[in-house]
Amino acid sequence: ISDDPLFAGNGRLQAASPCINVGTNQTWMTGSCDLDGRTRIMGSRVDMGCFERIVEDEGMSPQHYVSPSGGDVWPYADWATAARAIQDAVDTAAGSDTVWVADGLYDAGGAVAAGYALSNRVCVTKCITLQSVNGPEGAFIAGASDSGTNGPAAVRCLYVEAGAAVSGFTLTNGHTFFSGDYEDIEGGGAYLADGSISNCVIAGNSAAYNGGGLWGGSLTSLVTHCVFRGNTAA
């Protein structure tokens, strides 16, 4: 192009950029991400360049932050106001947002996926990216057991659906119910209904039925570059 692309910085686009919605859509772009990890083709056509322009809701940010030392002020838009529980930032994020997680042990908070009963320390049910800053050596998502095993007080580490992408965590001490629907007794470390998990260490988890470390529930689930160790299942 000959016009000024109106970069907002580092190749990102300002709202009036002539690069927005003028690229050429390709089949491979569907479900792919830009360099920020956000879903491509947010409008009718892909944006030119490395980054999709996302129209932000007033008072909201396309990126949210989590840290044990954060100020815990909604919408968790920077490290100073970061959420202390991962689930709080996940709940705040909209589709294609990124949640950044600092080093620490995250063993509080959580949610139950719709239609199920087992609590998850982190429950991701929208197409967002959940990413640790420094990888699984520093960021730990810990579930909970019921007196050291599976049972009604157990908590799974992670539940993922809706095409979400999770990367860079150690998932540990996740457990399931001892009996009930399959979704509540499978996948002690993680239950991957739809989406991807990458660059994670999944260790020391237990399930009452299948998938002590992880259970994948669909053909669109993808697990890459993960280490599994010390997980148990019936």
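Overview of results
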item: Solvent exposure ordering (accessible area, 1.4 Å, most first) of Arg53, Arg229; result: Arg229, Arg53
item: Antiparallel DSSP beta bridges within the chain, percent to nearest 5; result: 15
item: Net charge over other residues, Cβ less than 10 angstrom from the Cβ of Gly71 (K, R count +1; D, E count -1); result: -1
item: Accessible surface ranking that places the most exposed of Asp88, Asp3, Asp146 first, with a 1.4 angstrom probe; result: Asp3, Asp88, Asp146
item: Two-site FRET efficiency, Met29 against Thr81, from Cβ-Cβ distance with R₀ of 30 Å, rounded to 0.05; result: 0.35
item: Alpha-carbon radius of gyration plus Dmax, which is the widest Cα pair, for the chain in Å; result: 18.7, 67
item: Length-normalised contact order of the chain in % [C-alpha pairs under 8 Å, at least 6 apart]; result: 11
item: Residues in segment 80-108 that a label on Val133 would reach, taking backbone N under 18 Å of a point 7 Å out along Cα→Cβ; result: 80-90, 98-107
item: Accessible-area composition of segment 175-234, carbon plus sulfur, in percent [1.4 Å probe]; result: 56
item: Burial order of peptide ranges 193-202, 11-20 (average beta-carbon count within 10 Å, highest first); result: 193-202, 11-20
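The values are calculated or read from the model by the stated rules, or taken from the named source; none is laboratory data. Values in this document were obtained by computation on a predicted structure and should not be read as measured data. A quick note on method: Cβ atoms are made from the backbone with ideal geometry, for glycine too, and the neighbour counts reach across all protein chains shown. Heavy atoms of the whole protein, side chains included, go into the accessibility calculation; ligands, DNA and RNA do not. Shrake-Rupley method; radii C 1.70, N 1.55, O 1.52, S 1.80 Å.
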